[in-house]
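For reference, the structure is listed below as structure tokens.
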Amino acid sequence: MAEGKIEHKLRELGIELPPIFNVPPGMNFLRYVQTGDLLFIAGHGPTGSDGRLAYQGKVGGEVSLEEGYKAARLTGLNLLSTLKEALGDLDRVVKFVKVLGMVNAVEGFGQQPYVINGASDLFVAVFGEEIGKHARSAVGMGGLPNNMPIEIEMIVQVR
């Protein structure tokens, strides 16, 4: 099977997608749901290849702005892994429609958009501006599951 355009771009950028992790036992949700040409991907965090959180804590506290950006990028990679699992072929992506980035931040932290750029910049680098640029919300949270610094969910139009 010939390598797709997006797979080639990932290889060109030196990006290897991380392994997929299943929904933890006792959690009553799906990682993704497709309705029509829209694929909804549930919230993902900065899980490393070992299945553990690579970052923990509040951005602006235990996690620096730069580390928050890296955690958002890693979260974006995890989202791309789920996207690939759901579609089989990343070339089926028509448009990144909406990204919701949640940042577990200290009180008064106001740089959530810069943190979530870690994922947004990744999507644009891999898919280009026409497909990868999206509507987005980047919001601060008082806490996230397992004290992870970032959680991101997204909606993607597919063919």
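The numbers here are math on the coordinates, done by the rules we state, and not lab data. Just so it is clear, the structure is predicted and the values come from calculations on it, not from any experiment. Neighbour counts run over all protein chains shown; Cβ positions are idealised from the backbone, glycine included.
Against the chain, whose longest principal axis comes from its Cα atoms, helix 65-87 is set at around 30 degrees. Restricting the calculation to Cα atoms, the chain yields a radius of gyration followed by a Dmax of 15.0, 51 Å.
Relative contact order of the range 1-113: 29 percent, from C-alpha pairs under 8 Å at least 6 residues apart in sequence. For the chain, take the longest principal axis of its alpha carbons; what is the angle in degrees between that and the long axis of helix 112-132, to the nearest 10 within 0 to 90? Taking the Cα atoms of the chain, the angle to 112-132 is about 10 degrees.
Can you sort Glu85, Glu7 so the residue with the fewest Cβ neighbours within 10 Å comes first?
Glu85, Glu7
Counting pairs on different chains as well as pairs 8 or more places apart, how many Lys pairs in the chain have Cα atoms under 17 Å apart? Qualifying lysine pairs in the chain: 9.
Rank the residues Ile15, Ile116 as a footprinting-exposure proxy: fewest other Cβ atoms within 10 Å of their Cβ go first. Please list the in-between numbers first.
Numbers: Ile15 15, Ile116 27.
The order, fewest Cβ neighbours first, is Ile15, Ile116.
The GluC sites (Glu not before Pro) of the range 98-159 that meet both conditions, a loop assignment by DSSP and at most 11 other Cβ atoms within 10 Å of the site Cβ, are Glu107. By its C-alpha gyration tensor, with a ≥ b ≥ c as the square roots of the eigenvalues, how is the range 34-74 shaped: rounded for a/c under 1.5, else prolate for a/b larger than b/c, else oblate? Prolate, since a/c reaches 1.5 and a/b exceeds b/c.
Of all DSSP beta bridges located in the chain, what percent are antiparallel, nearest 5?
Values: 19 of 28 bridges.
Percentage antiparallel, nearest 5: 70.
Measuring r between the beta carbons of Glu66 and Leu38 and using R0 = 25 Å, the FRET efficiency lands at 0.15. Loop-located chymotrypsin sites (Phe, Trp or Tyr not before Pro) in the range 1-50 (DSSP state not H, G, I, E or B) with no more than 12 neighbouring Cβ atoms inside 10 Å: Phe29.
The Cα center of the range 87-159 and the Cα center of the range 1-61 differ in position by 11 Å. The fraction of all Cα pairs in the range 5-75 landing in successive 5 Å bins from 0 to the largest distance is 3, 13, 16, 18, 22, 17, 8, 2, 0, given as whole percents.
If neighbour count is taken as other Cβ atoms inside 10 Å, put His134, His8, His44 in order from fewest to most. Intermediate results must be reported in sequence, preceding the final value.
On the way: His134 18, His8 12, His44 24.
Fewest-to-most Cβ neighbours within 10 Å comes out as His8, His134, His44.
Relative contact order for the range 1-53 using alpha-carbon pairs under 8 Å, separation at least 6, rounded to a whole percent? List each step's numbers first, then the result.
Values: 24 pairs, mean separation 11.8, N = 53.
Contact order relative to length: 22 percent.
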